[in-house]
Each structure stands twice: as C-alpha cells, then as structure tokens.
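See below for the structure under consideration.
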Amino acid sequence: MRIYLDHNATTPIHPDVLSAMLPYLHQAFGNPSSIHSYGRETRQAVDESREKVAQLIGAQPSEIVFTGGGTEANNLAIKGATLAKQKKSGHIITSAIEHHAAMVPCQYLEKRGFEVSFLPVDHDGLLDPDDVRRAITDKTILISIMQANHEVGTIEPLEEIGKLALERDIPFHTDAVQSVGKVPIDVGTLGVNLLSLSAHKLYGPKGVGALYIRKGTKILPQVFGGHQELNFRAGTENVAGIVGLGKAAEIALHKMQAEGERLCRLRDKLWERIKERVGSVRLNGHPKRRIPNTLNVTFDLIEGESLVINLDLRGIAVSTGSACTSGSLEPSHVLLAMGVSPPIARGSIRFSLGIENTQEEIEETANALEEVVGRLRSTSPLNENGVVTSMRSEV
Ligand SMILES: *Cc1c(COP(=O)(O)O)cnc(C)c1O
C-alpha cells in the first residue's frame, strides 16, 4: 500500500476529469479556430471550460486566458504587466516567499533594470500590508503577492493589499495556484487584477493553467503567433487539458467546503499524532490562516532528506518543500525568510493532503514517523542546534 501526502507538488487526475477529457484526445480532435463542425465542437468545449473556471473565482469568462500551466500564467502576469508599461525601469513589489515560478520572473526583470522589493514575512509566513504600503513609490508598476504559500500553507492578507493597490492604481497579481479549489475565491473581493492558477494542483492534468486578467488591465503577450486566447496567448489550444481544467474547477466548486473541512480534520489529527508520538517538533506556517491540507513540521535532530527517503521506503510520499527545489541541498528560501535557521530548515517536512487520503492513512503515517524518526534520531550526528558533532569519541 502506498500513501500519497504530496498534493502541493501535484494531484492525481480525478476520474470524472479523465472521463471528460478522453473524447477530446480522439474523436473530438478539431482545431477550435476551424469554422467547420469539428472546430465548432472543440470551440464550444473550450468556451464551457472558460465559464467553469471563471465561476470558480468569481470572474467573467472573457477575463480567463488559458496557459500552459501555473508557471506560464505567472510569467504572463509579471512580465506581461511590467513590460506593457513600455518603460525601461520601474518598481515591482513582491514577497520573499514566492514560488520560484513568480520569484524568478521578478529576478529576470531586476536584471533587466527594474527595481524589485522582496518584502519580508513574519515567523508564521505572514506579510504585513503596512510593509506593502511603505514600499509603494511613484515608480511602483506591479504588486505580486501569492495567496497561499506552497510550503507552509499560510494565507496572505490579499484584501488589504488589494485596497492599497486600487487606491494607487497599481496592477495587483496573485499566484493563487495553491489556494484555487481549496478556499473560496472571489477576484472582486480580493481586489486583484491578475490571478494565476494551475490544473494539476486541483485534480486536473499537468501542463494547463489559466490567468485571470481583469478587464482593462494592460498585459503584453509573451507568446506571439495566432489570435487564440483573445490575443493574449498564441498557439492552438490544449483542448483536452482545458476541458480537464474546466471539469476540475466544476468539481472543486461543489466539493470545496465539505472536502476542506474533512482535510482540515485529517491534517490536525496528523499534527496531534506527531506531537504525541514523535515529539520535539514544531509547526511551520500560520497556526490558523492556512489552507486546509498543508502541514509543515520541523523534526529536531533530523535531516529532512533522510526522513523523506526513509518514509518513501515505507511507501509514504512526503516532501521537504517545493518539488522544484528538492534535490538541491539549499534550505528552503521560504523557511529562511520566516526566520528559521538553515540547519533547522533542513529538518522540515511538508505533508500535503488530498481527496484520496483516509483516517487510516494518517494513523499509518504517524506509526511510520514514530519508528523512522526514533531510529534516525538515535543515530543522528546533529545536536539540538542542528550542528553536526563528531561521532568518533576522542581517544
Ligand atoms: C505548482 C506551483 C506553481 C507552478 O505551477 P505549474 O503548473 O506546475 O507550472 C506556481 N506557484 C505555486 C504556488 C505552485 O505551487
């Protein structure tokens, strides 16, 4: 039996999503830009998906642009909004805990002469809207702050930031890849101009996502060619993927509340068990303002990578943080920005739950953790500050 607790890295495709997609991988193969019946059939499917995605976030269908995933949506938003100003310089405000898919586009613009403020967060991973207020200058051309953090799950105060952005007429983007489908979202309430989402984080297929572009927001396209996606993103549409995203959005809208409550209970149960059975642990992320499926824990005296590998040997899949940075020995930039010291950050594990997880799996995971952490700690060369001490006794 295997247990998958890494849903923030990716989720399995929901069976109903797969069924919805299948016809568009064979019989219904028309190009949505063709005017014949084959084309009209897929055009209609793409348009229906656009409506479903719009509904999930409180947008108009005409404000949804399909992309090749969350990373592409972030690039279109961040580079697109900045470069649309047709200026060689300007100021961007973002946070120090963004996913690489938002952080690296900002760093790229920084190299190209734009000024970027990477705002700090507190110990819980929460950004202070007053820091945003203080950071805004006459040169600020974009604010990009994620809605929920992928590693610790903290939910940022977007509404307050949205008000500041609106007052100063600054485009406001959010990377909502980890929150869409997990918490109710209304783009109007959040006050965002741009919102990125990705299908494979909500039980849809990989390689498809969307960017919400509020009517009137200026964006320079990043992929040029045909007139697809209202001229914002050229290229023949990934019809099956888009249909999958639409179905996933529809399912999320119906299941979100009950599933969120269920996951929250399972997650809190796991945390209780870890505290009872393992001990010497700390919670990373905000204790309350958190997406319901995410639990990030530091295990004292443990090297995160060894814990991941040992749990994997027992069929349990967890992560040390972002899937994109695992494999590198660098501690997580998110935990470092939260003031966690590098050795402690290396002992942190992310458990991210999803629809197929059960109470039994949580108990099984707690059993495995008790055994594996106990064993690793008994042979750990780390002291309580996470510093390696020599295992050889001096003669
Ligand atoms: C996964 C993720 C992305 C990237 O989305 P892809 O569809 O994998 O490109 C961006 N931001 C956050 C917060 C994510 O968790």
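The values are calculated or read from the model by the stated rules, or taken from the named source; none is laboratory data. This one's a predicted model, so the numbers in the text were calculated from it and none came from an experiment. Neighbour counts run over all protein chains shown; Cβ positions are idealised from the backbone, glycine included.
Regarding I309, is this residue touching a strand residue (DSSP E or B) at 6+ places or on another chain (Cβ under 8 Å) and either under 19 Å from R377 (Cβ atoms) or of a type in the set (V, I, T) (or both)? No, not satisfied. Would you check which residues across the stretch 363-385 are crowded, with 16+ Cβ neighbours inside 10 Å and either under 15 Å from E303 (Cβ atoms) or at pLDDT below 95 (or both) and list them? L369, V372, V373, L376, R377, S380, L382 - these are the residues of the stretch 363-385 that are crowded, with 16+ Cβ neighbours inside 10 Å and either under 15 Å from E303 (Cβ atoms) or at pLDDT below 95 (or both).
For the stretch 81-105, the set of residues classified as in contact with a Leu (Cβ under 9 Å, 6 or more places away or on another chain) and within 16 Å of the ligand (Cβ to nearest atom) consists of T94, S95, A96, I97, listed by residue number. Can you tell me how many residues within the stretch 91-133 are over 18 Å from H286 (Cα atoms), out of contact with any strand residue (DSSP E or B) (no Cβ under 9 Å at 6 or more places or on another chain) and not hydrophobic (A, V, I, L, M, F, W, C)? Looking only at that region, the number is 7.
Pairs meeting the criteria (first residue in the stretch 313-324 and of a type in the set (S, T, N, Q), second residue modelled with pLDDT under 65 and within 15 Å of the ligand (Cβ to nearest atom), beta carbons under 9 Å, at least 6 apart or on different chains) are S319/S326; T320/S326. Residue pairs whose Cβ atoms lie under 6 Å apart, separated by 6 or more positions or on different chains, with the first residue in the stretch 186-208 and touching a residue at least 12 places away in the same chain (Cβ under 8 Å) and the second of a type in the set (D, E) and within 11 Å of the ligand (Cβ to nearest atom), are S196/D175. What about I219, is it under 23 Å from the mean Cα position of the chain (by Cα), β-branched (V, I, T) and farther than 17 Å from T11 by Cα? So I219 fits the description; yes. Evaluating L56 against the criteria (1) in contact with a strand residue (DSSP E or B) (Cβ under 6 Å, 6 or more places away or on another chain); (2) buried (at least 22 other Cβ atoms within 10 Å of the Cβ); (3) of a type in the set (A, V, I, L, M, F, W, C) leaves one unmet condition, (1). Does T71 meet the test of being closer than 26 Å to A148 by Cα, touching a Ser or Thr at 6+ places or on another chain (Cβ under 9 Å), in contact (Cβ under 8 Å) with a residue 12 or more places away in the chain and of a type in the set (V, I, T)? So T71 passes the test.
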